[in-house]
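This report refers to the structure that appears directly beneath it.
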Amino acid sequence: MRTYFVPFLFFYLTFLPLCFSQKAEKVSPEDIELAKQLKESYPEEDLACLSCELNFSFDYNTSRQKIGVHERVEKSLISISQNTEFYSTHFYNEQSRISSVSVSNKAGKIQDIEKKDEYYQSSEYFYSDARLLYYQLPFSIAGSIRNVNYEKEYFDVKYFTSVYFHERYPSKEVKLNFLIPDWLEVELREMNFEGYDIKKSVFRDEKKAQKIYTYMLKDIESMDKERNSPGPSYDYPHIIIQAKSYEMRGEKRTLFESVDDLYAWYHSLTDLLEDNPDSYQSLVQELIAGKASDLEKAKAIYYWVQDNIRYVAFEDGIAGFKPDESQNVFSKRYGDCKGMANLTKQMLKLAGFDARLTWLGTRRIAYDYSFPSLSVDNHMICTLLLDGEKYYLDPTEKYNPFFNYAERIQGRAVMIESGKEYIIDEIPTAPAAENTQSYLSEVKLEGEQLISQVKRIYKGESKSSLLYQIHNTEQDALDKSLYYFLTRGEKNLDAKNITNTSFDDMDPDLSIEYELVRDNAVSDFGEEMYVDLDYYKPFSDFELEDRKTDYLFPHKIKMERKVVLQIPDGFQLGDLAQPIDRSFSDFTFKVNYQKEGNQLIYSNIIEIEKAVLKTEEFEEWNNCIKSLNEFYQQPLTLIKKS
Amino acid sequence: MMIFKRSLLALLFILILSGLSAQKKLTPEYIENYFWGSGDPMPKDLTVPAKWENESAVILFQEYNFKFENSGKRVNQVEALRRRIKLQDKAAVDQYSEFSYKEKFDVSSNWNRRVEKVFAGFKIVKPNGEEQIVDVNTAVRIEGTEDYQRKIAIPGLEEGDIIDYYFYSFNPSVFTSMHAFDPVFTPLSAEYPIQEQRITFEVERRFFVAFNSYHDAPELELVSGPRDKLDRYSLIDRDRDKIETTRWFYPYRVLPCIKFQVTFARSNYELLQMRAGLENGETVKKEIDGEDVMDAYEYNFSPYKFEDKKLDAYLEKKGLSLQKDKRKTLDAVFNYMRTTLQVYASELRAVDQAGGLRASDRSDMEYGSNYFRVCREFASYLKTNKIDFQLLIGVPRRYGEIHEVLFFQEFFIILYIPEFEIYAAPVGEHTTLSEFPAFMEGVETYTVPYAKKKSALIKNHFVTSTSHEENKTLQRSEIEIEEDMSALSVKRINTSWGHLKTDEQDRYLMLEDILGEDYAEVGKAKYLDGVKLKKTLISQARLKYKASAEEAQKIQEDRFKAALEDELDMEVPDYLDFNITSTGRKNAAEPFSYEESFLIKTDLIQKAGPNLILEIGRFIGGQVALEKDEIDRTEGVFLDHARSFDNEIVMTIPEGYKVVGLDKLSYNIDNETGGFVSSAKVEGNLLLINTKKFYKHNFEEAKDWPLMVEFLEAAYKFSQEKILLKKAS
C-alpha cells in the first residue's frame, strides 16, 4: 500500500498547482475580429450585445387573482476589450421575482457564476423593497461570448409598465415579442419611435389564440450616462404596456382601461387611510391663531410642514403608492412625499380648508395623464382650493415660498382627488425673472485694489437653494461659510461688514450686502492700468462639447450683474470690449459697458427662460459662450491722460 | 504596516457593568435597563455651558467601557458606548436623524460559524425632560442579508433635543495562547465639544493593560479595591473643546491623546513576561523602554546565511565586488534584490490578474510582496559578508516620540550601516540604498546591533534630517507665444530629488516603466515570455496583460495631465506629450525627471487692445493661499521634510513687443525658516525668470510662523503677478 501511496502524493503535490490554473477558453478568430470591429464602432465600450430577444407572455394567476407577466430573455454578449469586467444585473421587488438565470459560453456550456442577491441601495431612498440580483460575467479576452438567459415574473400586470430597447451597452439587434392572448386586451404604446428604424410585425397564432407583436431594432448605441440629462422617457424609444381589461368566464373585467381606472385604484388606497388629527390639532390652532387671512393661515401650515418634517423616502410594495397616515408622519417628524402631502392636507382640512391629495409626474417623466399607467407619476403633493384658485403645495421642497413652484413640477399635469372623481390640471409655469439673482456693486480703485459696495439679491429657486445650504450648515460654521460663499474661497477677495435679511423668513427676497475688497484685479503698468471688473464671469466655462443629450438646468435662470466704476481722476478709458446682445430660442445674453459721465457701467444679464437646452440648440449656445469668453478675456483699459 | 484606530467612533462601549458576567443575561431589556434604568449615573443636568451655545451640537456625556474576562475556555470581551448629545441646529439634527450600524458581527473561526448581536438603543430627550425611546425594530436592512447592516430613522427629532444612544457588544473568543487586542490611539477631542467623558476598563488579572495619556490628557486611575475580582480603571475627562485642526498639523503630537492595548495571557509565564518591566505596585504598562525593545528584536531579527549564485554572477558580470568597491557593490546588491523580489512580485500580480500565473509561482508573488523582504534579505547579505549594520527602531514623527511608545505596532524599523552612514529602508519598489521614508526624518531611534548579545548597550540614534537642497524640484518652462497670440506653447522639464523624487516616482511610474530597465539590468526575462503554460492560455494572458499595461499608460498620462492642471489651476485640454527621461531608481543621487509639452489657450493670456497681459506668475504653480484666520498661529508647524522648489521660466518675446512690469517680479526673502527669492530679466528676445522657494526644516516653532508667513505670502503674491507685452508703437 505504502509504495503506491507515496507516488500518488508526489503526483498530487506536483500537479495540483496546474490543476488550479485558469482554464483557457478557445475564442475563434472570427469572434476576435468581430470584437475588433465592434470596438472600432464603440471605442468607449467594453461590452456589446450581439442579439437580445425578450419575450413577454401573460397569464391569469388564480391564487393571486391577478394577471401575471412572464418575461423570458435570451441575450448573447461579447467582450470587446481584453479586460472586460461586467456585472449583469436584474432588479426585482415584492411584486416580481427572478425565476431563473443561467450563463453559458458560445458552445452552450453552462458557466459557473457567483450570484449575489441584495437590497438595492440608493441615496434616493431610505428604504426600498427593490432587490438586485447580480453576478460577474466570466469573459476571458476580447471576442469571448456569453449567453445570458433569464426569466422574470411580474405578479401583477399593473407593475409591468414599460420596455426599452437601449441598454447599458451597445446592441447589434434587440427583438421584443409580446405574446398577447385573446382574452386580454393590451395596448402597446409606441413611444419615441420617430427617428428609429423599428420593424414591427404582428402574427396571429390561431392555435394558441394569441397575437404576437414583434418589434426589432438594430445597431443600438448604449444608453447615455451624461449628467443633467432628461429622463429616458423623453428620448429613448420604448413601449408602454397598458393592460386594459380581460375576459374571465365570459365576463369582462377592467384593469387600466382609462385614466378613471388609474384614479380609482389610487383612490381605493387613499380611502384606506385612517387619519386622526388629535395629535396635531392644537398645533394647527396655534399656527393659524392671529393670522389675518386664509392665505396667511394656509401659508403658516405649509411652512410648518416644510420646516419640521424631514423627507425620508420609502418605496415598499403597496406602501410605495399608499400615503402614511398624517398622525404617524406628524409624530415621526419624517415622511415620504405622500406622507408629507397627506399631513399638509389633513392640517389644512383641520383649519377649515379644502385641501386635496394630488398625483403628478415630475419633469423627469415625459408623460401626462393622457393614458393610465403607473409610469406616468412619481410624486404626490397637496392642492389647496381657495376662492376658486388652486395652490399647489409641495412640502418636500425646502424654503419654498407659497406662490413659487419648483422647476421640477412647473407645467406638469396633475391629478387632483375629488371624491370618486378627479380633476386633471396643470401646474402653472413661472418666468426666469422669478428666480433672479442680482449682483449690484459700486466700485472704486484704491492703489491696486478694487473696493466695492455690493448688494446681492436672490429670488425664487435661487433663494430656496441658498437658504437650504445656509440651514444645513452648522451654526458655528455659518459665518465662515457665508464668507467663503461671498469670496468663493479666493485669497484675493475679502468681504467685510456683511449684513443680510433674515435667513428664517421664506417670503421676502434674500438680500446680502457687504464691502468687497479685491486684490489683483488691477494691473498697473504706469501709463496704463488694466482692470478686471467681474471676478465671477458667469457661464464662462459652459461650452457643451461632445454632449449627446439635452442639458437640464436646475431651474430657469436670470442672472443680473451691474458694476458701476468710478473712473479715477487723470485716467481715460481705452477701447472697450464689443457689447454682446444675442438671443435665441429662450436664451438671452446681454453684456456691455456704458460710460455715463465719470462712471463706467458694466452690465451682464443672462436669461434662461427654459430650463432645458436641446441638443439642436447647442451650436448657438456655444457661439454665445464663445462671445462671452471673448468679452471676459478683454480687460478694461484705463490710460493715463497725457 | 502599523495599525492605528484613529477614532473612538470605531469602538463600542458601556458603563461599569458590575456583576454582568453571564451571557444569558444579555437581553435587549436587560441592556436597556442597564443604561437607562434607575441606576443611570448620567449627570441629570441638561444645560449646555454658555460658551458652547453657538456650537452645532455638544456631547453632554459619553462613556466608553471595555471589559475583559476569562471564563475558563473563553475570553469574553465587552465593548460599549453610551453617548448623549444636545443638537443645537438643523445640521446637527440632520446628522443624527439617521443611524446605521451593524446589528450583528461575525466571530466565526475556521472551526465554527457564529455571530454575536450588537445591542443598540436610541432615545430622544426633549428640552422639557420628556423622553421618547425609539423602537429599534423599525430599523431596516441596508445591505446584503449576510452583512447585518441596519439603518434607523430617528422619529420626532427636533432642534434643541438631546439624542441619547448606546451600542453594546459581547464577544466571547477562544485563545490558546497570548492574544493582543487591537491597539487604540486617539485624541480626546471630537467633532463637537464634550462636557464629560469617561473611559473605563474592567479586566481580570489574566489580562494586561497598557495605557498612557499624552499632552495633558487625564491619567487612568485604578478605582477598584484590592479584593475585587476585576481590576477597574477609569479616566474622567471634562470640558473638552471640539477638535480644531489647521495646516501642517500633526494632531497626535499636539492634542491630548490616549493610547491603550489589552493583552490576554493564557499562562502565568506569559503574564510574568508581560509584567516584567513594571515597577512594584504598578499594574498598567505606561511605556515600552529600551529593555523591551532589546527583548523583542534581539532574536526576532536574526538574518540567516545568505547565498545567491545568480547575484554572484550578476556582480561578476558588472565587475563589482566588495573588495573592489564596497559602496557601489552594496548599491547594486540592494537594487538586485529589489528587482528580483519586490518588482518581480509586482509583475507576478499583474500576470495573475491577466490569468497567466502558474499556481506554483504564487508563493514567489506573496513572498516578494512583503515590503520588508528586501531589507531582510539585504541584512542577511550584510551579515554573511561581515558588514556591520544596526536595526534602528523608531516611531514615525507624525505619531509621537520614542519615549511615548506604548505598543510595538507603533515602531518602524530601518537598517543602518555605520561604515557609510547610510540607511536601508523597507519602503517601495523605487527605493534605493540610503533612501528612507520622510516620516523617519530626524526621528530618535533605538539601535539594536544585530550581531551583539543582550549585554550590548542600546544607544539612541537620530535618523538624518535631510536639507531643502536634497529634497528639491526644478522646473524649467520654455514658453512660446503662438503667432496669432491666442495660445502659449509650453515645454516643461521637471526634475526632482530626495523625498520629492519619491513622491513623483510613486505617482507616475508604472510597472512597465520599471520592468524594462530593471530586467535588462539583471538579465531577467519577463514572466510571460518564459513561462510554460498551455498555448491558448498564455496567448490570452498576454493579451490581457498588454491591455492592462495600455490602461496603465492611459492612467499615467491622466496623472501627468491632472497634476499639471492642479498645479496651474485650470484645464489643459491640449496636453500634447510627456516623456520620462530618468526614473531615478539607480541610486539616491539620480533624479526622477520628465518632459512634457502642452498648449494653454486663453486662460493665462489676455488681449488688451494691441497689447497682451500675461499671467506669468502662474507658471511657478499654485502656491499656499493662507486664509485670514491662518495668519495667527499658536501650534508648532509640522512639515514632512525640508524642501525647495526652483523654477526657471524662459519665454520668447514675440517680435515687436516689449516687456513691461518686470519690477514686480523681484523678491528676496530668506529667513531662518525658509524663503522666496526671485529675479527677472530680458536678454535679447528672451524673458528669463528664476524663482526659488524653500522650507528649511521639517518643524518650526509657533513663534517662527510669522517668518514662514512672510515667504509664503511673497510666493503667493508672485504667483498672481502679470506682465504686459506692449506692442511697439
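Using every pair of separate Cα atoms, the Kirkwood estimate puts the hydrodynamic radius of the stretch A:184-260 at 15.4 angstrom. Within the stretch A:526-638, the proportion of Cα pairs with more than 18 Å between them is 53 percent. Report, as a whole number in µm² per second, the diffusion coefficient that Stokes-Einstein gives for the stretch A:97-229 at 37 °C and 0.692 mPa s using the Kirkwood radius over alpha carbon pairs. It diffuses with D of about 179 µm²/s by this estimate.
With R₀ fixed at 25 Å, the C-beta to C-beta distance from B:K51 to B:K126 puts the FRET efficiency at about 0.60.
When only alpha carbons are used to place a centre, the stretch B:388-442 and the stretch A:506-531 end up 52 Å from one another.
In the stretch B:318-433, inverting the average of 1/r over every pair of distinct C-alpha atoms gives 15.9 Å as the Kirkwood radius.
Here the Karplus relation 6.51 cos²θ - 1.76 cosθ + 1.60, evaluated at θ = phi - 60°, turns the backbone of the stretch B:543-556 into coupling constants of 4, 5, 4, 5, 4, 5, 5, 5, 4, 4, 5, 5, 4, 4 Hz, with x for every Gly and Pro. Relative to the longest principal axis of the Cα atoms of chain A, the long axis of helix A:337-350 makes an angle of roughly 60 degrees.
DSSP beta bridges confined to the protein assembly as shown are antiparallel in about 90 percent of cases. For the stretch A:268-356, the percent of C-alpha pairs falling in each 10 Å distance bin, counted from 0 to the bin holding the largest distance, reads 18, 52, 25, 5, 0.
Counting neighbouring Cβ atoms within 10 Å and putting the fewest first, the residues A:Y236, B:Y250 line up as A:Y236, B:Y250.
The HN-Hα couplings worked out from phi for the stretch A:433-447 by the Karplus form 6.51 cos²θ - 1.76 cosθ + 1.60 (θ = phi - 60°) are 4, 6, 10, 4, 10, 10, 10, 10, 8, 10, 10, 9, 8, 10, x Hz, whole numbers, x standing for Gly and Pro.
Restriction of the trypsin sites (Lys or Arg not before Pro) in the stretch A:524-567 to DSSP coil positions whose beta-carbon has at most 15 other beta-carbons within 10 angstrom yields A:K548.
Axis angle, to the nearest 10 degrees, between helix B:705-719 and the longest C-alpha principal axis of chain B: 50 degrees.
Taken along its principal axes, the alpha carbon cloud of the protein assembly as shown reaches lengths of 107, 102, 79 Å, longest axis first. Taking Cα atoms only, the orientation of helix A:460-471 departs from the longest principal axis of chain A by about 80 degrees. Counted by neighbouring Cβ atoms within 10 Å, the residues A:D387, B:D231, A:D586 run from fewest to most as A:D387, A:D586, B:D231.
Computed from the Kirkwood radius of its Cα pairs, the Stokes-Einstein diffusion coefficient for the stretch B:525-630 at 37 °C and 0.692 mPa s stands at 180 µm²/s.
Modelled spin labels at B:V682 and B:R275, positioned 7 Å past Cα toward Cβ, are 8.4 nm from each other. One decimal place: the segment B:E221-B:I243 gains 5.5 nm when fully extended, by the rule 0.36 nm per residue minus the C-alpha distance.
Here the contact order of chain A, divided by its residue count and restricted to Cα pairs under 8 Å and six or more residues apart, works out to 9 percent. In order along the stretch A:50-61, phi translates into HN-Hα couplings of 7, 7, 8, 10, 10, 10, 10, 10, 10, 8, 9, 9 Hz, rounded to whole numbers, per the Karplus curve 6.51 cos²θ - 1.76 cosθ + 1.60 with θ = phi - 60° and x for Gly and Pro. Taking the Cα atoms of the stretch B:194-324, the ratio Rg/Rh between the radius of gyration and the Kirkwood radius comes to 1.23. So what does the Cα-only Debye profile of the stretch A:449-586 read at q = 0.12 Å⁻¹, as log10 I(q)/I(0), no solvent term? The computed values of log10 I(q)/I(0) come out as -0.69. A Förster distance of 30 Å, applied to the separation of the beta-carbon atoms of B:D506 and B:D577, puts the FRET efficiency at 0.85.
Expressed per residue, the C-alpha convex hull volume of the stretch B:254-385 stands at 238 Å³. Under the simplified labelling scheme, the A:K200-A:D507 pair shows an inter-label distance of 5.4 nm, with each label point 7 Å from Cα along Cα→Cβ. Calculate log10 I(q)/I(0) of the stretch A:308-365 for q = 0.18, 0.30 Å⁻¹, where I(q) comes from the Debye formula with a single equal point scatterer on each Cα and nothing for solvent. Taking Cα atoms of the stretch A:308-365 as identical point scatterers yields -0.63, -1.25. For an R0 of 25 angstrom, estimate the FRET efficiency from the Cβ-Cβ distance between B:V531 and B:K310 and round to the nearest 0.05. According to the calculation, E is roughly 0.90. In whole Å and largest first, what semi-axes does the C-alpha gyration tensor of the stretch B:292-347 yield when each eigenvalue is scaled by 5 and square-rooted? Semi-axis lengths for the stretch B:292-347 are 26, 17, 10 Å.
In whole Å, how far is the Cα centre of the stretch B:479-550 from that of the stretch A:124-154? If you average the Cα positions of each part, the centres end up 35 Å apart. Counting every Cα pair in the stretch B:358-515, what percent are over 19 Å apart? Result for the distance tail: 66 percent. Over the Cα atoms of the stretch B:401-447, the radius of gyration divided by the Kirkwood radius equals 0.98; this is the Rg/Rh ratio. In a fully extended conformation the segment linking A:K455 and A:K115 would gain 116.5 nm over its present Cα-Cα distance, using 0.36 nm per residue. Pairs of alpha carbons in the stretch B:432-563 separated by more than 25 Å make up 58% of all such pairs. Normalised by residue count, the stretch A:403-477 yields a Cα convex hull volume of 146 Å³ per residue. The calculated Kirkwood hydrodynamic radius for chain B is 30.4 Å, given to one decimal from all distinct C-alpha pairs. Cβ crowding within 10 Å ranks A:H471, A:H70, A:H238 as A:H70, A:H471, A:H238, fewest other Cβ atoms first. Net length available on complete extension from A:I423 to A:V73 is 122.0 nm, with 0.36 nm assigned per residue and the Cα-Cα distance removed. Scattering from chain A was approximated by placing one identical point on each alpha carbon and applying the Debye formula without solvent; log10 I(q)/I(0) at 0.08, 0.10 1/Å stands at -0.81, -1.10.
Here, each number is a calculation from the coordinates, and none is a lab measurement. The model shown is predicted, which means the values in this text are computed figures rather than measured ones. When we count neighbours, we look across all protein chains shown, and the Cβ atoms used for this are built from the backbone with ideal geometry, even at glycine.
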